[in-house]
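The values are calculated or read from the model by the stated rules, or taken from the named source; none is laboratory data. Fair warning: this is a prediction, and the values are worked out from it, not measured in the lab. Because the Cβ atoms are built from the backbone with ideal geometry, glycine has one as well, and the counts that use them run over all protein chains shown. Calculation scope for accessible area: heavy atoms of the full protein, side chains included, ligands and nucleic acids excluded. Shrake-Rupley method; radii C 1.70, N 1.55, O 1.52, S 1.80 Å.
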Amino acid sequence: MRAEIDSGSWLAAPSSGGILPLMGLAAACLALVGLWGELQPSQWMMGLFAPEASDPRQMAFHHALLPRIFIAPIAGAILGLAGVILQQVLRNPLADPTTLGISAGAHGALVAATLFAPMLLDFGRETIALCGGIVAMACVFAAAGGRRFSPLSVILAGLLVSLFFGAGASALVVLNHDYLTELFIWQSGSLLQSGWGNTAKLAIVLIAGAAATALLARVLSVLDIEESGARSLGVPLAAVQGAALLLALLLSTAVVASLGVLGFVGLAAPALARRSGARTFQQRLVRSPLYGAAILSLTDQIAQILPLAQEIPTGVATAVMGALLLLGLSGRASAKADLPAPPPVHFDAGHRSAFLACLIGIILAAVLGAIFMGRDHGGWHWSSIQELSALWLWRVPRIAASFAAGSMLGVAGVLMQRLTGNPMAAPEILGISAGASIGLIVLLLIAPAVDAGWTILAASMGGTLALAGVLLVGMRSSFAPQRLVLTGVSIATLCSGLAALAMTSGDPRLGGLVSWMAGSTHRVTPSGAALALTLAAILLLVAPLTARWLDILPLGSGIARGLGLGLGKSRLSVLLIAAIATTGATLIVGPLTFIGLMAPHLGRLLGFRRVMPQLIATSLIGGALMVLADWIARIVIFPWQLPTGIVATLLAGPFVLNLLRRARR
Amino acid sequence: METAVRQVLSAGSSGLTRRAFAALALAGAALPADTARADAARRVRIAALDWSGAEALLALGVAPVAVADSAGYRRQFAHAPLPSSAADLGGRWQPNLELLASLKPDLLIVSSERGPDEALELRIAPRLAMSLHGTGLSPLAAAEAALRRVASAVRREAAAEAVIVEAARVFDGIAKSLAASIRPGLIVAVLEPDGRHVTVHAKGGLIGETMERCGIRNAWTRPTASIWGFSRIGIERLAEAPEARIVFVDQGPRTRRALRLLAASTLWQSLPQVAAGRVARIPDLFPFGGLPTAVRLARELDSIVARGVVHAG
C-alpha cells in the first residue's frame, strides 16, 4: 500500500535562489514600521533597555511589541525544527505537528485541564500539553503502524486523531459555554505578548532543542540511506528515532502550551527548505528552522496590518496558509499506484443470512429502545404505548432522522472507500461537511437573524462549492484518490481555521453554531425526518447502479481502464452520489461523525463484501449506530443533551483507530 | 407601589438583594387594578429558554416554571433570583424539548436568534421571542420593548411600566449627580484567562448603552468589531485611555486565573490605571441581559465612579 507523494517533482525541486532573505526582510520591515508607529526611533534604545514605567508607549514597546517580534521567529524556528525532525524520522514529507495530531492532542489536554483541574495549569501548561501530544501521537502511530505507513495514510490517521480530540474538546465546551471563547482563543494561536516570559521560555526551548538535535543529527542523517543499510552501520536506530520523536514532541507541545495552535509552520518550513535546494538532511536541518522563523514572522506581521476591526489570530492565518500549501502539494502529488482494497476478511457465506437476521434484530432493538426508553426527573423510564402519544414527537423524528443520516453516511462511506481504494476514506474527507460548516459560519457572520431555510441553503451552498473545488482540483487527475484526499484535508483545515476565527468574536449566536457543528438532532421536525428518510431511500436505490464500477475501481486504474471503464465519468458519478448523501447527513448530524468511516468496515467484517450486500448492510449498520448515538446523547446527562454527532464520533473513534491498526497487519 | 419599587431598585450598590427583589415582585402583584389579573398570571406556566426572558418575568413578579441552563442563569443574574422550583431545561442551545413538553407550559420565551427551532417549539406552546438585538433599536430601547411584550403576555403591563419608570429614574439620577462633576471614564472589560487579552465593551452593546444613558463616560471609544459592542484586544492597548478606571467583570474561576497571570505581568502592572490603583470589579453579569441587568450595572458603575469623582465646585 503505497501512496507516495512524489518527492522528485516539487518538494525537492531546487528553485532559483532562496526566498528566505526576502521573507525575512519583509517581516523585518513590517516589524520596524510597527515599532515606529508606537515610538519615535530616538526613544528605541530607551524603550528596549530601560522603559520609563510611567510612559505607556514605552511600556507597550518593551513588553508587548518587542516580545511579539522576537517570539514569532523563535516559535517559528521551533516548529520548523520539529517539522524537519518528524519528516526525517517518519520519512514523510507531510509530517508536521498539526498533521500528526500532536497539536490537537496538546490542545485537547489543555481544554480538559482548564475545565476539570485548573490547578494543574499553574504547575505547567507545558507538561499537560506534552501529555496530550504524546497520547495523540501514540494513537496515530498505533493506527498508522509507524514509519512504514505511507505518507498519505499517516496524514489520514493524523486527521482522524485530530478530529477525535477536537470532538472531545467540543463536547466539553458544549457543556461549558462560558469557556467557549477560551477554547477557540487557544485553537487560533495568538502571538500577542504581555511580557518577556514566554519569549524567554521558548528561547530556552529552542536552544536546548537545537543542542539535542545536534547530538542526534549524524545518526538521523543516516536515515537518508535505506534502513537496512543504516542498521548495518551499527547505528542504534530505534533508540535514536524514539529520542528524536520525543524531542519533536517536546518542541511542538511547548509552542502549543505558550501560544496555542499554530498549524502547518512545521509542514511549510521543511518544504520551502527543500525547494530552496537543501538536499541533505544537514542542510534541511539548518534551513528549516530559518524558514520557520521567516514564515511565522511574516504571517504574524501581515495578520497585524490587515485592515480589519478585529485582528486575525496568527494561528488562523497559518491554518489558511497550510490549507493552500496542502492544496499545492495535492496538485503535484503523483499517484504512483492506486491503493488496493484492504485485505479480505473471509466469512463463511452460509452465515450471511444469519448475520443479516441478527443485524436487523439489533437495529429493531436499538430503535425500540430509543423510542421507549427515556429519563425523567424520577429516573429511568420505559414508556407505555399510551404515554408515547405525548412523547413520539420528541423521539421518533430525531430517531428517524438519525437513522437516515447514519444510513446515508454509511452509503457515502462505501462509495468513498471503494472509489479511493483506501480503507480510511470517509465522507468527511470530501470536504463537503467542512464546506457546509463554512457556509453556515459565513451566514451567521453576515446575517443578523437566521432561520431554518437559510441554514439549509447556506450549508448546501457551502457544501456544493467545496465539492466543486474538490472536483476542479481532481479533474486534472481523473479524480485520482490521493488528490481527493489531500484536497479534502485542506478544506477541512480551512474550515477549522474559519470556525476558530468566528468563535473568537464572542458573538452570542455562535452557541447555536457550535451546537449545530457538533451535530444536534433535537430540532428535527416530523416533516424533516420524513424528507431525510426519503432521501436516504432514494440514495440506497441509486447507489447500486454504480455497483459494477465499484467492483472494478478498487482494483486499480490500470485494470479499470483495461476493462473499458471511463475513469473520469465513473468516478464523477460515484462522487456525486456520495456528495449528496454527505450533504444530507451533514445537515442533520453536523459535519463530523466517523460513522461513514466505521459502518462500511463493520459491514465487511460481517461478511458483506460484494457491493450490493455491503451497501445494504452498511446503511443499516450506519443507521443503527447513529440511533444508538442519538439515544445516548439524549439521556446520558439528562436534562442536558449532548450533540448526537459528538457522541457518534466518540463512540466510533476508538473503533476507527483500532481498524487502522488492524488494516496494517 | 412606587415606594416599594424604589426601595427595591435602590437596594444597595452591590446589586438587588433577594429580599428586595421579592418585594419588587410583591409590589407588582399588589397593584389593585392588577390583582385579579395577577391571580390569573400566577397560574400561567411559562418556560424561559432565554435568560433575559426569565429576568423580565421575575422583574414582573412571575416565576418561570423552567429555565434553560438554570445554573448558568443563577451565576449571572444574582439580582433576579430564580425560585428553586424552576426546572432546568439543559443547555440554552439544545434545550430538552421532551422535558419541556412534559411540563406543559402555556408560553415559551425564546431568543429571537434561535429561529430554526420554531416548528417544534410551537407544538408545545406559543412562543414569545425576546428580540434584544438586530431590531434597529438601541439595546436599552429594545430591552424596554421586550419587557413590555413579556408584560402584555402575562398581563402585567402596569408592573412593566413601574419597572421602566424606576429604571429611568435610576439612570436619570446617576446622570444628574455626575453632571456636576469632572468624572473619569471607565473601561468595562472581561479579563481573558490567558492573561494577554481583554474584551472591552464599547458603544453599541447593552453595557456601553447603559453607560451612555447614565452619563458615565466610556473611555473605550474605538469602533468595535461586532454589532454586540465589544472587541478583544491585547492588554497593552488599555494604555490608550490612561486616565480611565478599569472595571472588570468578575466571572469567577476564569477571572481569578486571569488575575493571577496579570499579577505577574510587568506590562499589566505598569499600565497607568493599574499603577494608580484605578481597577475595580463588578460581579458577573450577562452582557446580553435586559433592563434589570442594565439597572444593576448602572448602580454598580455609579458607585465606582463616585469613588473617583473630583467635584468641580
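Values computed for the structure shown
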| quantity | calculated |
| --- | --- |
| Hey, A:L555 farther than 30 Å from B:E98 by Cβ, among the hydrophobic types (A, V, I, L, M, F, W, C), over 21 Å from the mean Cα position of the chain (by Cα) and modelled with pLDDT of 85 or more or not | no |
| Residue check for A:L249: over 18 Å from A:L22 (Cβ atoms), buried (at least 24 other Cβ atoms within 10 Å of the Cβ) and either at pLDDT 90 or above or of a type in the set (F, W, Y) (or both) | yes |
| Among the residues listed as A:R148, A:R231, the single one being in contact with a Leu (Cβ under 7 Å, 6 or more places away or on another chain) and at pLDDT below 75 | A:R231 |
| Matching residues, region A:505-554, being of a type in the set (D, E, K, R) and either closer than 28 Å to B:R123 by Cα or within 13 Å of chain B (Cβ to nearest Cβ) (or both) | A:D507, A:R509, A:R523 |
| Matching residues, region A:551-592, being in contact (Cβ under 8 Å) with a residue 40 or more places away in the chain, farther than 18 Å from A:P423 by Cα and among the β-branched types (V, I, T) | A:I577, A:I580, A:T583, A:T586, A:I588, A:V589 |
| Single residue of region B:276-302 satisfying the filter (among the charged types (D, E, K, R) and in contact (Cβ under 8 Å) with a residue 40 or more places away in the chain) that is nearest to the other protein chains (Cβ to nearest Cβ) | B:D284 |
| Only listed residue being open to solvent by 20 Å² or more (accessible area, probe 1.4 Å) and closer than 24 Å to A:N198 by Cβ, chosen from A:P118, A:P97 | A:P118 |
| First in region A:259-270 and open to solvent by less than 10 Å² (accessible area, probe 1.4 Å), second anywhere and of a type in the set (D, E), Cβ under 6 Å, 6 or more apart | A:G266/A:D96; A:L267/A:D96 |
| Hits in region B:259-275 (condition: open to solvent by less than 70 Å² (accessible area, probe 1.4 Å) and either under 15 Å from B:A189 (Cα atoms) or within 8 Å of chain A (Cβ to nearest Cβ) (or both)) | B:L259, B:L262, B:S265, B:L267, B:W268, B:S270, B:L271, B:P272, B:Q273, B:V274 |
| Elements of type helices (runs of 4 or more DSSP H) in region B:45-125, at least 2 residues being open to solvent by 10 Å² or more (accessible area, probe 1.4 Å) and charged (D, E, K, R) | B:70-76 |
| Residue pairs meeting the criteria (Cβ under 6 Å; at least 6 apart or on separate chains; first assigned by TED's automatic domain parsing to the domain that holds A:V140, in region A:72-99; second small (G, A, S) and assigned to a loop (DSSP other than H, G, I, E, B)) | A:L86/A:A95; A:Q87/A:A95; A:T98/A:G263 |
| Search result, residues across region A:297-326 that are assigned to a helix (DSSP H, G or I), among the polar types (S, T, N, Q) and either open to solvent by less than 50 Å² (accessible area, probe 1.4 Å) or over 21 Å from B:T224 (Cα atoms) (or both) | A:S297, A:T299, A:Q301, A:T314, A:T318 |
| Test set (1) open to solvent by less than 10 Å² (accessible area, probe 1.4 Å); (2) within 8 Å of chain A (Cβ to nearest Cβ) - B:I246 fails condition number | (2) |
| Residue within region B:220-240 that is surrounded by fewer than 23 Cβ atoms within 10 Å (Cβ to Cβ) and away from chain A (no Cβ under 12 Å) present | yes |
| Failed criterion for B:A180 (all others in (1) within 14 Å of chain A (Cβ to nearest Cβ); (2) modelled with pLDDT under 85 hold) | (1) |
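Conditions (1) out of contact with any Gly (no Cβ under 6 Å at 6 or more places or on another chain); (2) within 11 Å of chain A (Cβ to nearest Cβ), marked per residue:
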{"site": "B:L191", "(1), (2)": "yes, no"}
{"site": "B:V198", "(1), (2)": "yes, yes"}
{"site": "B:G204", "(1), (2)": "no, no"}
{"site": "B:G208", "(1), (2)": "no, no"}
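Residues checked against (1) at pLDDT below 85; (2) touching a Gly at 6+ places or on another chain (Cβ under 8 Å):
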residue: A:G374; (1), (2): yes, no
residue: A:H381; (1), (2): yes, yes
residue: A:L393; (1), (2): no, no
residue: A:P397; (1), (2): no, yes
residue: A:A401; (1), (2): no, yes
residue: A:L409; (1), (2): no, yes
residue: A:N422; (1), (2): yes, no
residue: A:A425; (1), (2): yes, yes
